[in-house]
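The values are calculated or read from the model by the stated rules, or taken from the named source; none is laboratory data. Everything numeric in this text was worked out from a predicted model, so none of it was measured. Here the Cβ positions follow ideal geometry from the backbone for every residue, glycine too, while neighbour counts run over all protein chains shown. Heads up: the accessible areas ignore ligands, DNA and RNA and are worked out on the full protein's heavy atoms, side chains in. Shrake-Rupley method; radii C 1.70, N 1.55, O 1.52, S 1.80 Å.
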Amino acid sequence: MIYTVTLNPSIDYVVEVQDLKLGTLNRMERDLKLPGGKGINVSRILSRLGAENTALGFLGGFTGSFIEQFLNKESVRTDFVQISGDTRINIKLKHGEETEINGLGPKIGPDESAALLHKLSTLNGEDIVVLSGSVPPSLGAGFYERLIAVCEQTGARFVIDTTGEALLRALEHRPLLIKPNHHELAELFGVTLESKEDIITYGRKLLEKGAQHVLISMAGEGAFLIAGDKVYHANVPSGTVRNSVGAGDSMIAGFVGTLAQGGDLLEAFRTGVASGSATAFSDDLATGEKIEQLKGQVAISQWS
Ligand SMILES: Nc1ncnc2c1ncn2[C@@H]1O[C@H](COP(=O)(O)OP(=O)(O)O)[C@@H](O)[C@H]1O
Ligand SMILES: O=P(O)(O)OC[C@H]1O[C@](O)(COP(=O)(O)O)[C@@H](O)[C@@H]1O
């Protein structure tokens, strides 16, 4: 079973405004309320791809109820720890470009965090845990390491989608997969990446530091998969971008979901890229049909 962990879920409030003017009244062209948070996005796509999974994490307040009800309507299995605080709202402002304003998230108490750790302690070596998204400040930056320690005790493999120090610290625990985009890769090493060769050089360093598989996504520029001594490149299908929120999570879901269902590495890479692009071309996350439709347009070549 795949378990996604969203420590800091969100209602993604997608708002479209023409000619945004700060400091004055603007009226929305359209708005959309969606369940969000990286792990939840992963679970929604996994379910649409037919990959069995359970969404874990923290939910609370009226915002948490909205998310739980939305996921249940989509038959996404959930087992969230109910908390006293309100789950946050993240604003996704579309005004020609995309501006995101993400909330900090609610306070998580010690009993609440202990309840999540207990849920993870019941897993086993057949399971995959996807740790994804920001950590609410009250849990502390080291909380991902506590979750990883539980995975190591149970034998569950883990995927982590976070950035900076938390990602670097996770590498020595041999994550099954990490997926920084090329900007996050540059920030990780404090360098400017001038070429695709630079991206590969630094992507390989993540493998040397312990990651078993490294996906480097580059938005509309395609993606690299680095595994063992091989590097593969995929182009992205053509299409019109409608909402790229959740594209990275969709890519992770496509990759992990395919592996979990017995697909090989390149099939997983293909499905991951198709899932990311299909979401970018959708208002909400991609449907399974749209992902299948785009898979045929993903060309993969061995880079080295
Ligand atoms: N503009 C785009 N055109 C086509 N596909 C896209 C676009 N933006 C994202 N995608 C797809 O989503 C994947 C992940 O997107 P990216 O923006 O790199 O991740 P993240 O959301 O983690 O930053 C890409 O590899 C690609 O498959
Ligand atoms: O676009 P991505 O990176 O795939 O993730 C989008 C998700 O991440 C979020 O922006 C949350 O990100 P953080 O957890 O890093 O705050 C959600 O609002 C949204 O659903």
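Distance between the C-alpha centers of region 233-283 and region 137-209? Whole Å please.
If we compute the Cα centre of each part, the gap is 19 Å.
Could you tell me which residue out of GLY220, GLY248, LEU207 lies farthest along the dipole of region 177-304 toward its positive end? Charges go on the beta carbon: Lys and Arg +1, Asp and Glu -1, centred on the Cα centre.
It is LEU207, whose Cα lies furthest towards the positive end.
When all protein chains stay in place, what accessible area (Å², nearest 10, 1.4 Å probe) is found for LYS230?
Here the residue's solvent-accessible area equals roughly 70 Å².
Express the carbon and sulfur contribution to the solvent-accessible surface of region 47-187 as a percent, rounded to the nearest whole number, probe 1.4 angstrom.
On the way: 3220 of 6360 Å².
Of all accessible area on region 47-187, carbon and sulfur atoms account for 51 percent.
Short version: ³J(HN,Hα) in whole Hz for each residue of region 83-88, in order, from phi by Karplus 6.51 cos²θ - 1.76 cosθ + 1.60 (θ = phi - 60°), x for Gly and Pro, what are they?
10, 7, x, 8, 4, 6
If I take R0 = 25 Å and measure r between the Cβ atoms of GLN261 and GLN297 in this structure, what FRET efficiency does the formula 1/(1 + (r/R0)^6) give, to the nearest 0.05?
The calculated FRET efficiency here is 0.75.
What's the magnitude of the charge dipole for region 1-136 around its Cα centre, counting Lys and Arg as +1 and Asp and Glu as -1 at the beta-carbon? Answer in Debye, nearest 20.
That gives region 1-136 a dipole magnitude of about 200 debye.
For region 96-151, what does the alpha-carbon gyration tensor say about shape, rounded, prolate or oblate, given a ≥ b ≥ c as the root eigenvalues, a/c under 1.5 as rounded, and a/b over b/c as prolate?
Working: a/c = 2.90, a/b = 1.59, b/c = 1.82.
In terms of gyration-tensor shape, oblate.
Points 7 angstrom from Cα along the Cβ direction at HIS183 and SER84: gap in nanometres?
For the pair HIS183/SER84, the computed spacing is 3.7 nm.
What FRET efficiency, computed as 1/(1 + (r/R0)^6) with R0 = 30 Å and r the Cβ-Cβ distance, is obtained for GLU221 and ARG169, rounded to the nearest 0.05?
0.60
Run the simple label-point estimate for LEU25 and HIS95 please: 7 Å along Cα→C-beta, distance reported in nm.
1.7 nm
At what distance in nm do the modelled label points of SER304 and LEU32 sit from each other, each positioned 7 Å from its Cα along Cα→Cβ?
Each label point lies 7 Å from its Cα, and together they span 3.9 nm.
Highest first, please rank the peptides 280-291, 11-22 by the mean number of other Cβ atoms sitting within 10 Å of their residues. Write down the numbers at each step before the final one.
Working: 280-291: 19.3, 11-22: 15.5.
The packing order, highest mean first, is 280-291, 11-22.
Over region 233-295, give the accessible area per residue in Å² for a 1.4 Å probe, as an integer.
Ligands and nucleic acids excluded, the figure is 34 Å² per residue.
Rounded to whole Å and sorted largest first, list the principal axis extents of the Cα atoms in the chain.
51, 49, 38
FRET efficiency for LYS230 and ALA149, Cβ-Cβ distance as r, R0 = 41 Å, nearest 0.05?
Working: r = 31 Å, r/R0 = 0.75.
Using R0 = 41 Å, I get an efficiency of 0.85.
In a Gaussian network model over the chain where Cα atoms closer than 10 Å are linked, find which of LEU56, LEU266, LEU131 has the largest mean-square fluctuation.
Comparing LEU56, LEU266, LEU131 in the GNM, the peak value goes to LEU266.
Would you mind calculating the gained length between LEU104 and ASP283 on full extension (0.36 nm times residue separation, minus the Cα-Cα distance), in nm to one decimal? Display every interim value, and only then the final one.
Working: separation 179, 0.36 × 179 = 64.44 nm, distance 2.44 nm.
That works out to 62.0 nm of additional length.
Over region 84-134, with the other protein chains present, what is the accessible area per residue in square angstrom, probe 1.4 angstrom? Let's see the in-between values first.
Details: 2560 Å² over 51 residues.
With the other protein chains kept in place, region 84-134 gives 50 Å² per residue.
Accessible area, 1.4 Å probe, largest first: how do LEU104, LEU176 sort?
Details: LEU104 130, LEU176 15 Å².
These residues rank, largest area first, as LEU104, LEU176.
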